[in-house]
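The values are calculated or read from the model by the stated rules, or taken from the named source; none is laboratory data. Please read these numbers as outputs of a predicted model, since none were measured by experiment. Cβ sites come from the backbone with ideal geometry, for glycine too, and all protein chains shown count toward neighbours. With ligands, DNA and RNA removed, areas are computed over all heavy atoms of the protein, side chains included. Shrake-Rupley method; radii C 1.70, N 1.55, O 1.52, S 1.80 Å.
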Amino acid sequence: GQPAQLIESLKLPTIFIACAWVVEVFEHIANINLNFLGIYPRELTGLFGVVAAPFLHGGFSHLLSNTFTFLLLGASVILFFPSIAYRVFGLSYLLTGLGVWLMARTSYHIGASGLVY
């Protein structure tokens, strides 16, 4: 039924955002900054950030600004386009990160805004 589909559509976005919150809480408690793991354009070492950057944020307000939008839009894509949703998510994740790596200014880039917006 529809409630089960809605719950199912929230799983991946919730897990993704929960991981980002775990990282942010860890950074806060440990008093460290992991932004150096973000995307650093046109440097081979900066490619790791394509995977890591969406889980790194510039503080709780940055993460909060991505949280609800990511949950809503992520669940909507999965709910309304289930046959292509995971492929769309994967390609968006990869292509957004690679686009930042190829074209962004020379600085560390973090956050899930590329996936959200």
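The string of couplings for region 33-46 from the Karplus curve (6.51, -1.76, 1.60, θ = phi - 60°) is 10, 9, 4, 5, 8, x, 7, 10, x, 6, 10, 4, 5, x Hz, one whole number per residue in order, with x for Gly and Pro. Compared with the dominant Cα axis of the chain, that is its longest principal axis, helix 60-80 is turned about 40°. Peptides 24-34, 53-63 ranked from most to least packed give 53-63, 24-34, packing being the mean of other C-beta atoms within 10 angstrom over each peptide's residues.
How much of the accessible area of the chain, in percent, comes from carbon and sulfur atoms when a 1.4 Å probe is used? Numbers along the way, then the final one.
Details: 5160 of 7160 Å².
The nonpolar share, carbon plus sulfur, comes to 72 percent.
Across the alpha-carbon atoms of the chain, the computed radius of gyration and Dmax are 14.8, 49 angstrom.
Rolling a 1.4 Å probe across all protein chains gives residue 16 an accessible area of roughly 10 Å².
Could you work out the local net charge near residue 58, counting Lys and Arg as +1, Asp and Glu as -1, over the other residues with Cβ closer than 12 Å to its Cβ? Show your work: numbers first, answer last.
On the way: positive: none; negative: 24, 27.
Charge balance near residue 58 sits at -2.
Probing with 1.4 Å while keeping every protein chain in the model, the per residue accessible area of the chain equals 61 Å².
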